[in-house]
Amino acid sequence: MSDSAEQADGSTPRLGVVGAGAAGAAAAYALRDADVAVTVFEKSGGVCGRAATRRRDDCYYDHGANYVKEADERTAALLEELGTEGFVEIDEPVWTFDGDGTIEPGDRESTKRTWTDGITQLAKRLFDRAGTTVHRRTRIDEIRARGTDRETRWNLTDTEGSEYGPFDALLVTPPAPQTAELLRATAWDDARREELVDAVDAVPYRTIRTVVLHYPFCESYPWYGLVNPDREHAIGWLSREECKPGHVPDGESLLVVQMSPAWSTETYDDALAEIESEVCDRVADLLGEDRYRDPDWTDDQGWRYALPDSAVDAEAIRAAEDAGLYFAGDWVAGEGRVPSALWNGHETGERIGAALD
């Protein structure tokens, strides 16, 4: 239910959601038929978090999460439920390469899906089906709790000083380090706050820098993506967006290159112009083709908190739920994949609905 329902009926329970990624979108979707008014706050101009899409020169490219893996029946059913228009499958497999750049066959994934308009369609469709209002470019930087455990209400303030609330429950979904920072800025006179900060702050993360390379030619390969499982190469992942129907015009190629965590951390603050040549040289060496040294345009994105390496202490974060404070995301599930964030958010949304009923 959207937050407009609350305006018509002041007795409707209200849920505030910080973050419009896959977890926040799935939580809203889980509550689509519940008597709960959901309001989402997103710091960026888009939705779906690291499952992000950009468009340039008639190309769509997924520069964070590359696709949604249909690893189970419920994920497949949900994707179909969201609408099949523009819904496409990546036919080519994912192969591997080692620290020396030796490429070997082997698809580690199951069915790989995205949309012609990009993977961000996942959150867009979830929010659309739920009728949820999303306040974009609204960065929440302060939380205040009022009342008792049984009747706690949550108020939010953004970086512009605008205030929102009170909410009967609050769901926080940004990456763990950002969530820990927000908890430190939370006015809640409860011993659980410090325990929450410690638990969330303990989740380790990998930093990944994505470099996008476009070429006016297209080579033929038997694979869609290459992954470096031993983490001994400067490139961690390389994929061809032209393998996704509707993403790249015929005769062109667009490579999404995600550099290793070590390389990405070292160069995170360097301008694209400073690292572009090295990335192109590494791609050309890996693929054995000198033409890759000279793209006709490039793009990049840094993901400082790209992938969690372990899960948060579930007991520690669930301890705050009786006060109406919830958490969701891939770092709660403990696996940096879109379906993990998706279903963790959905299951958390169901718990919230039961608690507010």
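The values are calculated or read from the model by the stated rules, or taken from the named source; none is laboratory data. Since the structure is predicted, the reported quantities are computational estimates derived from the model, not experimental observations. All Cβ positions, even for glycine, are placed from backbone atoms using ideal geometry, and neighbour counts span all protein chains on display. SASA here: full protein model, heavy atoms, side chains in, ligands and nucleic acids out. Shrake-Rupley method; radii C 1.70, N 1.55, O 1.52, S 1.80 Å.
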FRET E, pair residue 135, residue 313, Förster distance 30 Å, beta-carbon r, rounded to 0.05: 0.50
Cα-based radius of gyration of the stretch 41-176 once divided by 2.2 N^0.38 Å, which approximates compact folds: 1.38
Sparse-neighbourhood loop sites, GluC sites (Glu not before Pro) in the stretch 1-103 - DSSP loop, at most 11 other Cβ within 10 angstrom: 85
Within the chain, helix-based [θ] at 222 nm, where runs of 4 or more DSSP H residues each add -39,500 (n - 2.57), nearest 500: -8500 deg cm²/dmol
Rounded to whole Å, sorted largest first: equivalent-ellipsoid semi-axes of the chain, Cα gyration tensor: 38, 22, 17
Orientation-averaged projected area, Cα convex hull of the stretch 191-238 (nm²): 5.9
Highest-MSF residue in the chain out of 311, 180, 319 [GNM, Cα springs under 10 Å]: 319
Which of 340, 239, 220, 310 is most accessible, then next, and so on - probe 1.4 Å: 220, 310, 340, 239
Long-range tail of P(r) for the stretch 188-317 (Cα pairs > 19 Å, %): 56
Gaussian network model of the chain, springs between alpha carbon atoms under 10 Å - residue of 38, 47, 197 with greatest fluctuation: 197
Most mobile of 86, 46, 225 in a GNM of the chain (Cα contacts under 10 Å): 86
Whole-Å semi-axes of the stretch 127-185's equivalent ellipsoid (Cα gyration tensor): 19, 16, 13
